[in-house]
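Structure first, commentary second.
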Amino acid sequence: MARDRKVTISTDVHGHTAGWAESGPPVPPAPDPTAAAFFDVDNTMMQGASLYWFARGMAARKYVTTADLARFAWQQLRFRVLATEHAGTMSQVREAALAFIEGWRVADMERLTEEIFDELMAPRIWAGTRRLAERHLAAGERVWLVSAAPVEIGRVIAARLGLTGAIGTVAEIVDGAYTGRLVGELMHGPAKADAVAQLAAVEGLDLSRCAAYSDSVNDLPMLSAVGRAVAVNPDGTLLRRARQHGWPVHDFRTGRRAAMIAVPSTVAGLLVGAVTAGLVVHRRRRNA
């Protein structure tokens, strides 16, 4: 880090001048307006899936039942572990991803998200990952969250953590209420990299000077799109890739949590579909 140099001039007893330099306080480097950082949320910034904790909060408020959540989450988990992935899987998840909020007012969704973040999500933010984000902020860089969860959830988390903003799955809104349909694609896999590239174009960012953080091999497109990729709490496949490429690795898990990297990483991503599918069914029952 550069330091200010203060030159002092003095005169000795013979009238000769002498000069020397004193080191002043460190001068921080000038912020780079083209640099930024992008953080995945689930299992990277937060322990577990943000949408799962949101659903837990909804269940506590009697909007859904915990039995619904457990049954559908288990069915989806069983399918993902035992069945062969097919092309229709992500399409099914996409259709279910936001259907549970059909008819909800946006203001109500945001209010609930804020309440549930404070109750259930805040205690599960990884302190180590938060420090990584804060280092970028301290360097004058902007920091965005990038998540498959609804963008409203991402925005609340970003605001609570003092980050710049969030990229997430976007729900269609008409007259201040959700229609239950998505705008564009589920923010997953290549869609994250595309969204980051679009944001970079709008914000004047140089992706080669940006960093991305994730736990999942599903985020390889985003990690490969930036100049500095970092694995955080990585699944087994991402850990191998990180070692091959020489990417930094941070693991803030301990004991049993760390052992869970053996679980296929796609399960965590599809848990979003499992939880929301349960919410869809419950809502349909309630409205029947």
Study note, to complete from the structure: Within segment 222-248, residues in contact with a strand residue (DSSP E or B) (Cβ under 9 Å, 6 or more places away or on another chain), without any contact (Cβ under 8 Å) to a residue 24 or more places away in the chain and not in a loop (DSSP other than H, G, I, E, B) come out as Arg228, Ala229, Ala231, Leu239, Ala242, Arg243, His245
Practice item. Find the residue count for segment 181-196, including only residues that are at pLDDT 95 or above and over 27 Å from Val106 (Cβ atoms). Key: 1
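The values are calculated or read from the model by the stated rules, or taken from the named source; none is laboratory data. Because the structure is a prediction, the values reported are computed rather than measured. So basically every Cβ, Gly included, is an ideal-geometry build from the backbone, and we count neighbours across all protein chains shown.
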